[in-house]
Amino acid sequence: MIVGQQKKAEEIIEMLGTEWDSLLIVGCGTCVTVSLAGGEREVAALANLLKLYYGKKGKKITIATDTIIRQCDFEFIDDIAEKVEGHDLVLSLACGVGVQHMVERHPEKIILPGLNTSFYGATTAVGEWAERCIGCGECILDRFGGVCPVARCSKSLLNGPCGGSQDGKCEVDDGIDCGWELIYNRLNDLGLLEKLLVYEDPKDWQTYRDGGPRKLTNKEYYDG
Amino acid sequence: MYDVIFLGNQLKEPSLTTLQVDPEALLSCRGRVGDFSLRYRDNGQVREEKTLALVANLDYEHEAGLAGFPTFIEDTQIPEEGNLIFIQDYGQLAPAHINRMGLEKALAAAKGSSSRQVYYFYRSLRFTEGTDDIYEEARQAGVAFFRYEEGKLKVEEPGHLTYNRGGTSMELEGQVLTAPLLSPSPHLEKLARILRLNPSEEGYLQEENVYLAPTLTGRRGVYALGGARNPNSLGGFEEEACYTLEEIAALKNDLQPLVEDEREVDDKKCILCYTCYRVCPHAALEENEEQDAMEVLQEACWGCNGCISHCPAVAISIVGEEEEEKKPGLQVLMCENSAVTARKKLPKNIMDGFISREISCACSLKKEDIYAYLEDSADRVLILGCFEESCKHLEGEQRGQRIVDEVNETLKSLDLGEERVRFERLSPPMEADMKKLLGRWREGQL
């Protein structure tokens with residue numbers, strides 16, 4: 001899923017500026033709810049915090065809230081069209097995809113991001129997530145024991161670790177496991193170490209960002 | 001449907017139907033007290049059995065306190081002649097039962113031979129019922145006791161010990177006997193994960209918590225015995241086993257929910273994020289596959305409301321409970337397991353001037369509510385919760401503190417005041433402390 005983190009309250013307040021009277025905070029009920037950053041609970045907490053802040057400043061404002069299932073699909077955005085139109089500003093607690101989709105649907109509105117979109121990750125403990133994929137567009141997990149060298153090696157090396165791998169940790173930070181140590185251990189456990197004897201050609205990054213903003217279609221469904 | 005499935009060693013109890021399952025064969029455990037479903041491997045097959053209760057009953061792992069030296073556990077043969085050097089607490093403080101066992105062995109050895117010297121080294125003596133008499137008797141029988149500090153005792157070769165304390169140095173010769181070092185069974189890590197229990201720091205299935213004595217775990221209907229519990233169980237196994245089986249027999253006759261109010265999950269709002277499943281200290285939430293949503297298992301619920309406060313989709317609520325009206329003012333939120341009891345022993349007017357409310361646990365705090373309480377700049381919130389080791393909901397104290405820290409940090413960053421939310425710990429007999437805390441809170445001096 002997409003993992004997000006709510007921006008600090010000071011940054012949100014600075015971003016909102018002063019030229020508004022009514023604000024709509026919109027949560028997103030899928031990925032960022034799971035990553036405890038932009039679901040209904042976070043929307044309610046942020047709304048109450050902002051009311052507290054502007055109350056102290058003496059600014060008369062109204063803050064409304066809503067949380068829709070996904071901000072990355074127009075059908076859900078359309079459900080709150082009237083609310084969006086009825087407020088001066090919209091603060092979206094969706095990932096960057098959701099914010100832009102809201103912008104696309106409501107080009108006349110100022111839609112602001114309340115989260116930092118962090119990465120594609122998995123829940124590793126309550127309140128902890130870890131990056132597992134960068135969305136490179138060409139999955140090679142089959143060749144590396146199910147551990148991605150692109151996402152989990154800080155240098156995205158494809159033919160073994162660098163000299164900065166120490167005691168299973170990455171030189172970038174002791175808290176990061178060396179992706180190559182994980183790959184080696186996993187293939188060793190599976191008795192498949194010979195896979196690592198195959199030289200890996202340089203990766204074709206055109207499927208990633210090097211080909212520009214990406215788009216894909218599913219021919220079975222797409223009639224464009 | 002069995003009455004008890006033993007994970008590990010099986011106990012006999014004619015009035016209960018029992019089954020033994022190898023902990024390593026266990027695959028999953030769903031359900032709640034009265035209706036657990038266990039899947040496990042058995043001769044290459046995956047079996048599923050239902051049970052009312054589960055008992056994890058495993059032996060300790062133990063090794064000598066000093067490698068190569070015998071320990072003074074029950075079956076150790078004490079040499080009949082020659083000096084003896086008992087060493088307790090080497091590398092790990094010995095539990096009370098081992099402490100007692102060492103004293104008994106030392107006493108017997110001193111009484112058995114008048115020509116030998118018996119030395120007893122310890123870092124901390126722990127007395128249980130009768131142990132002080134044994135200690136006194138051992139002293140009178142000539143056992144020489146020495147308290148040592150970690151690192152100040154050296155056994156450099158077999159039978160030769162060097163001891164340093166406060167400038168004095170001593171060298172002794174004799175047969176060295178050590179207290180065993182205990183460690184949890186290697187199965188416990190897996191059991192804790194599958195049974196969804198919070199293990200102790202050392203890795204035993206039972207945390208140090210007053211609500212769990214003697215053999216309860218945080219999950220109702222799951223019991224920890226012997227080496228699955230923790231070293232405090234040593235010496236009391238028979239009584240604890242008896243208690244456990246009696247508890248299960250009582251549940252078999254009459255299984256009632258622990259709390260009256262039901263918690264419900266709105267299946268239209270639940271997104272199956274599993275946050276409630278992960279934060280519930282009592283393993284009382286599970287996915288209901290028919291409803292495609294989580295479900296609170298009423299018989300398993302201890303009523304902390306941590307699932308409600310942590311659900312990111314605001315999908316869980318108490319059936320029939322209405323939204324509370326938030327009044328501005330000096331707030332005092334009291335945990336029903338500590339401060340509420342203490343408050344009852346104070347005069348009625350003690351809460352005058354406060355907006356007070358009972359809460360089920362500090363983990364039930366919601367940051368959106370706390371912000372709402374602070375509407376006026378003079379408003380402040382005092383939370384009176386429990387100490388960590390006496391938190392009925394095991395992790396509630398820590399979760400509550402984290403919520404308070406997060407709120408205070410955010411308020412400070414926006415110049416909305418410092419420490420406007422306080423979390424103080426009480427226990428039920430601490431009414432005098434509560435009175436002082438309230439006085440200082442009223443005066444703004446906390």
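Side notes on the structure shown:
- Packing order of peptides B:36-49, B:412-425, highest average first: B:412-425, B:36-49 (average count of other Cβ atoms within 10 Å over each peptide's residues).
- Cα gyration tensor shape for the protein assembly as shown, rounded if a/c is under 1.5, else prolate or oblate: prolate
- Check: the range B:62-182 dipole with +1 on Lys, Arg Cβ and -1 on Asp, Glu Cβ, in debye: 300
- Placing dummy labels 7 Å off each Cα toward the beta-carbon, the span from B:THR162 to B:ASN43 is 6.1 nm.
- Listed values for the range B:421-427 are Karplus-derived 3J(HN,Hα) couplings in whole Hz (6.51 cos²θ - 1.76 cosθ + 1.60, θ = phi - 60°), namely 10, 10, 10, 10, 9, 9, 10, and x replaces Gly and Pro.
- 5 angstrom amide H check on A:ILE63, placed H, neighbours 5+ away: A:LEU23
- Chain B shape via C-alpha gyration tensor axes, a/c threshold 1.5: oblate
- Order of B:LEU446, B:LEU195, B:LEU297 - criterion: other Cβ atoms within 10 Å of each residue's Cβ, fewest first: B:LEU446, B:LEU297, B:LEU195
- The chymotrypsin sites (Phe, Trp or Tyr not before Pro) of the range A:15-68 that DSSP puts in a loop, and whose beta carbon has at most 16 other beta carbons within 10 Å, are A:TRP20.
- Per-residue ³J(HN,Hα) for the range B:323-335, Karplus 6.51 cos²θ - 1.76 cosθ + 1.60, θ = phi - 60°, Hz, x for Gly and Pro: 4, 6, 7, 9, 9, x, x, 7, 8, 10, 9, 10, 6
- Calculated FRET efficiency for the pair B:ALA432/B:SER169, C-beta based, R₀ 35 Å, to 0.05: 0.10
- Look at B:VAL404, A:VAL32 and count the other Cβ atoms within 10 Å of each Cβ; fewest to most, that gives B:VAL404, A:VAL32.
- For the range A:18-57 versus the range B:239-309, the spacing of their alpha-carbon centroids is 31 Å.
- Distant-in-sequence amide H partners of B:LEU177 (H built 1.01 Å from N, under 5 Å): B:ILE85, B:PHE86, B:ILE87
- Amide H contacts of A:SER92: A:VAL26, A:LEU112, A:GLY114, each under 5 Å away and 5 or more positions distant or on a separate chain (H built 1.01 Å from N in the peptide plane; Pro and chain starts excluded).
- Label-to-label distance for A:GLU10 and B:GLN291 is 4.4 nm, based on points extended 7 Å past Cα in the beta-carbon direction.
- Centre separation in Å (Cα based) which lies between the range A:128-176 and the range B:35-98: 41
- The alpha carbon convex hull volume per residue for the range B:299-446 rounds to 123 Å³.
- 222 nm mean residue ellipticity, helices alone, for chain A (DSSP H n ≥ 4; -39,500 (n - 2.57); rounded to 500): -8000 deg cm²/dmol
- Magnitude of the charge dipole, the range B:330-442, Cβ model with Lys/Arg +1 and Asp/Glu -1, debye to 20: 540
- Along the axis of the charge dipole computed for the range B:336-426 (Cβ charges of +1 for Lys and Arg, -1 for Asp and Glu, origin at the Cα centre), the listed residues B:SER360, B:LEU382, B:THR341 are led at the positive end by B:THR341.
- Check: chain A dipole with +1 on Lys, Arg Cβ and -1 on Asp, Glu Cβ, in debye: 440
- Shielding of A:50-57 by partner chains, average beta-carbon count, 10 Å: 5
- Helix B:396-413 vs. chain B, principal-axis angle (Cα, 0 to 90°, nearest 10): 50
- Cβ crowding within 10 Å, taken as a proxy for footprinting-reagent exposure, orders B:GLU240, A:GLU200 from fewest neighbours to most as A:GLU200, B:GLU240.
- Chain B: angle of helix B:131-140 to the longest principal axis, Cα-based, in degrees nearest 10: 30
- Classified by the C-alpha gyration tensor, the range A:135-211 has an oblate form. Its axis ratio a/c, with a ≥ b ≥ c, is 1.5 or above, and a/b does not exceed b/c.
- C-alpha center-to-center spacing [the range B:351-404, the range B:149-213] in angstrom: 38
- A simple rule links phi to the HN-Hα coupling: the Karplus curve 6.51 cos²θ - 1.76 cosθ + 1.60 with θ = phi - 60°, which for the range A:82-96 gives 5, 5, 4, 5, x, 10, 5, 10, 10, 10, 9, 9, 8, 6, x Hz, with x for Gly and Pro.
Just so you know, all these numbers are worked out from the coordinates, no wet-lab data involved. Bear in mind that the values here come from a model prediction, so they are computed numbers and not experimental data. With ideal geometry, Cβ positions are generated from the backbone for all residues, glycine too; neighbour counts draw on all protein chains shown.
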